[in-house]
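What follows is one structure encoded as structure tokens, with my remarks underneath.
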Ligand SMILES: NC(=O)c1ccc[n+]([C@@H]2O[C@H](COP(=O)([O-])OP(=O)(O)OC[C@H]3O[C@@H](n4cnc5c(N)ncnc54)[C@H](OP(=O)(O)O)[C@@H]3O)[C@@H](O)[C@H]2O)c1
């Protein structure tokens with residue numbers, strides 16, 4: 001599998017990364033936890049070298065399951081986790097990227113991940129109350145102490161990243177980017193490219209939309225976050241819009257099949273076609289072969305969206 005480095009850093013990994021939000025078991029459809037642990041083992045066997053988790057997935061259970069799946073091979077891979085929430089009784093109580101909160105929670109992540117270092121620690125969502133320099137100061141201190149190798153952010157816009165860069169250097173920003181949500185193309189991706197900051201895409205499979213497994217009859221249990229209809233501010237799972245997107249997926253499926261590929265392979269290849277991108281995160285159970293799309297392929301894909309009059313939200317502001 002192809003490898004890329006994060007921005008201008010020496011941290012490298014496979015271009016497809018394993019996402020473990022689903023393994024939290026509480027927000028993202030039913031999951032067989034034993035199978036999930038086996039999926040992690042299998043992913044390592046197949047050359048995936050980046051695993052993304054967060055304390056809030058579960059909360060806490062995803063990190064523990066990931067540690068179980070990785071076992072002694074943890075040292076062979078890049079482990080990414082995220083902090084930046086306050087909790088009471090295992091329930092989140094708002095964003096908190098204050099130095100005190102981050103420092104304590106990083107220790108908890110280390111314990112659950114059964115490791116003495118985190119390769120990349122991210123602030124999960126911007127905390128609008130804590131000055132960025134305070135947060136970066138705490139991340140630098142964790143780095144100096146050898147508890148983390150790199151730090152970065154998630155869901156930050158350009159002004160926020162710019163401010164962070166005045167006080168340190170971000171290894172990555174992790175934001176949603178996929179065929180149905182191209183908001184990051186206008187500002188965030190170009191800025192990451194220029195500033196030497198890696199970019200991790202989440203939702204590479206459109207949160208399941210781009211797997212070909214959904215139909216107009218697909219519904220979500222009430223505790224699945226997709227049941228609200230919105231995906232990070234966009235109406236991707238709402239009524240008519242959802243049905244129109246499925247028509248696009250049908251055409252993409254046919255386009256991919258003409259190339260002997262699946263629509264999931266097309267979705268991943270499309271995301272990886274952006275040169276500023278480091279790693280496409282996928283909530284997955286098996287590895288998929290990597291496919292390189294030509295410019296003609298990308299134009300043919302865009303025509304499918306135009307034919308079905310389905311927006312891709314280029315230029316619209318991101319969720320913050
Ligand atoms: N930083 C953030 O704020 C943030 C936000 C969202 C996600 N993330 C990270 O990004 C990772 C990946 O994003 P994502 O999981 O949200 O979206 P995704 O990868 O676009 O989609 C995952 C969904 O696709 C389904 N899927 C995967 N392969 C499939 C197949 N072959 N057939 C049918 N369905 C398939 C999965 O179902 P099954 O589980 O049933 O396989 C899951 O429901 C997460 O796990 C998490 O680590 C971060």
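All of the numbers you see were taken from the coordinates with simple rules; none came from a lab. These numbers were taken from a predicted model, which means no experiment stands behind them. Please note: Cβ atoms are built from the backbone with ideal geometry, for glycine as well, and neighbour counts cover all protein chains shown.
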Angle between the Cα long axis of helix 295-307 and the longest principal axis of the chain, 0 to 90 degrees, nearest 10? 70
Note: probe point = Cα of residue 4 + 7 Å toward Cβ; backbone nitrogen < 15 Å; residues of the range 14-46 passing the test are 14-18
Calculate how steeply helix 99-112 sits against the longest principal axis of the alpha-carbon atoms of the chain, using the helix alpha-carbon long axis, and give the answer as 0 to 90 degrees to the nearest 10. 70
Taking a temperature of 37 °C and a viscosity of 0.692 mPa s, what whole-number D in µm²/s does Stokes-Einstein yield for the range 80-176 with Rh from Kirkwood over alpha carbon pairs? 248
Gyration tensor on Cα atoms of the range 33-108, a ≥ b ≥ c root eigenvalues, a/c under 1.5 rounded, else prolate if a/b beats b/c, else oblate, says prolate
How many percent of all Cα-Cα pairs in the range 154-226 sit more than 15 Å apart? 60
Compare the peptides 273-283, 103-113, 222-232 by average per-residue count of other Cβ atoms within 10 angstrom and give them in order, highest first. 273-283, 103-113, 222-232
For residue 111 and residue 254 in one chain, what is 0.36 nm times their gap in residues minus the Cα-Cα distance, to one decimal in nm? 46.8 nm
Sorted by packing (mean other beta-carbon atoms within 10 Å per residue), highest first, where do 53-63, 126-136 land? 53-63, 126-136
With both bridge residues required to lie in the chain, what share of the DSSP beta bridges run antiparallel, to the nearest 5%? 25
Where the eigenvalues come from the Cα gyration tensor of the range 1-77, what are the semi-axes √(5λ) of the equivalent ellipsoid, largest first, in whole Å? 22, 14, 11
All-pairs alpha carbon distance profile, the chain, 20 Å steps from 0, percent: 33, 60, 6
Just from its helices, what would the mean residue ellipticity at 222 nm be for the chain, if runs of 4 or more DSSP H residues each count -39500 (n - 2.57) and the sum is divided by every residue, rounded to the nearest 500 deg cm²/dmol? -10500 deg cm²/dmol
Taking a virtual spin label 7 Å from the Cα of residue 316 along the C-beta vector, which residues in the range 229-254 bring their backbone nitrogen under 19 Å of it? 229-249
Please give the Cα centre distance for the range 73-142 versus the range 1-16, rounded to the nearest Å. 22
Quick one: plug the Kirkwood hydrodynamic radius of the range 221-320 (C-alpha pairs) into Stokes-Einstein at 25 °C, 0.890 mPa s, and report D in µm²/s. 162
Between residue 27 and residue 185, Cβ-based FRET efficiency (R0 25 Å, step 0.05) works out to 0.35
What is the Cα centroid distance between the range 35-57 and the range 154-205, reported in whole angstrom? 23
Could you work out the pair-distance distribution P(r) of the range 107-250 from its alpha-carbon pairs, with 10 angstrom bin width and percents rounded to whole numbers? 10, 33, 28, 21, 7, 0
More than 19 Å apart: what percent of Cα pairs in the range 17-172 qualify? 51
All alpha-carbon distances of the range 184-264, grouped into 10 Å bins from 0, give the whole-percent distribution 16, 38, 30, 15, 1
